[in-house]
Amino acid sequence: DAGITQSPRHKVTETGTPVTLRCHQTENHRYMYWYRQDPGHGLRLIHYSYGVKDTDKGEVSDGYSVSRSKTEDFLLTLESATSSQTSVYFCAIRTSGGLFNEQFFGPGTRLTVL
Amino acid sequence: SQQGEEDPQALSIQEGENATMNCSYKTSINNLQWYRQNSGRGLVHLILIRSNEREKHSGRLRVTLDTSKKSSSLLITASRAADTASYFCATYPVTGNQFYFGTGTSLTVIP
């Protein structure tokens with residue numbers, strides 16, 4: 001499982017409230033990713049990080065922000081949650097190796113915005 | 001979008017049969033990876049095939065890659081009920097740092 005944990009695993013919140021999801025890894029990987037998974041859409045990239053304080057936007061970044069102050073932690077924040085952000089959120093790391101770059105996922109966080 | 005597409009979207013077979021699912025993508029890639037996701041769970045990495053490889057095996061899994069057609073296939077031989085899951089392909093392009101996922105194939109293996 002590449003030592004990836006996510007917290008919380010489940011969360012129910014109300015529209016307009018801020019929400020922060022945490023991804024923690026134990027193997028010092030440089031690259032970390034946040035995805036959301038919705039029926040019919042597969043996995044879509046929200047943001048990713050390529051080092052401490054280095055982040056970039058993905059396909060569906062609107063309404064989300066990220067921070068990475070330590071190699072092991074990558075935080076995803078919904079500043080003001082909306083019902084459209086109800087989803088399952090996955091964190092992933094990327095191993096380094098050119099043609100061998102692989103991705104490994106955390107267990108996911110199920111977020112419900114009422 | 002550079003997202004890949006899996007085909008078929010859903011597949012139902014009897015235990016013991018082989019299951020084949022396909023993935024098409026749009027850009028030049030470094031590698032292509034297949035994942036399994038059981039219902040309500042995270043994604044599990046199954047196999048990686050590099051752009052300079054044409055075929056790869058891992059246990060009951062066989063993956064092929066045709067870069068000229070920008071397509072890959074995943075074959076699961078002698079399927080088992082425990083293989084019931086969704087299967088996703090993901091590509092890692094030559095340029096960029098992102099992986100691009102398809103929408104998945106839902107496989108049901110009937111005991």
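The values are calculated or read from the model by the stated rules, or taken from the named source; none is laboratory data. Keep in mind it's a predicted model, so treat the numbers as computed, not measured. Positions of Cβ are backbone-derived with ideal geometry, glycine not excepted, and every protein chain shown enters the neighbour counts. Calculation scope for accessible area: heavy atoms of the full protein, side chains included, ligands and nucleic acids excluded. Shrake-Rupley method; radii C 1.70, N 1.55, O 1.52, S 1.80 Å.
Okay, residues lined up against (1) under 20 Å from B:TYR100 (Cα atoms); (2) at pLDDT below 95; (3) of a type in the set (D, E, K, R); (4) out of contact with any strand residue (DSSP E or B) (no Cβ under 8 Å at 6 or more places or on another chain):
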{"site": "A:HIS10", "(1), (2), (3), (4)": "no, no, no, no"}
{"site": "A:GLU14", "(1), (2), (3), (4)": "no, no, yes, no"}
{"site": "A:HIS24", "(1), (2), (3), (4)": "no, no, no, no"}
{"site": "A:ASP38", "(1), (2), (3), (4)": "yes, yes, yes, no"}
{"site": "A:LYS53", "(1), (2), (3), (4)": "no, yes, yes, no"}
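Considering (1) touching a residue at least 60 places away in the same chain (Cβ under 8 Å); (2) within 14 Å of another protein chain (Cβ to nearest Cβ), the lone condition that A:ASP56 does not fulfil carries the number (1). In region B:9-27 there is at least one residue that is in contact (Cβ under 8 Å) with a residue 40 or more places away in the chain, within 14 Å of chain A (Cβ to nearest Cβ), part of a strand (DSSP E or B) and open to solvent by 30 Å² or more (accessible area, probe 1.4 Å).
Quick one: how many residues across region B:44-83 are open to solvent by less than 30 Å² (accessible area, probe 1.4 Å) and in contact (Cβ under 8 Å) with a residue 60 or more places away in the chain? Going through region B:44-83 one residue at a time, the tally reaches 2. Taken over region A:93-114, the criterion of being open to solvent by 20 Å² or more (accessible area, probe 1.4 Å), assigned to a strand (DSSP E or B) and touching a Ser or Thr at 6+ places or on another chain (Cβ under 6 Å) is satisfied by A:THR112 alone. Considering region B:28-43, the residues that are more than 8 Å from every other protein chain (Cβ to nearest Cβ) and open to solvent by 40 Å² or more (accessible area, probe 1.4 Å) include one that is modelled with the highest pLDDT, namely B:ARG36.
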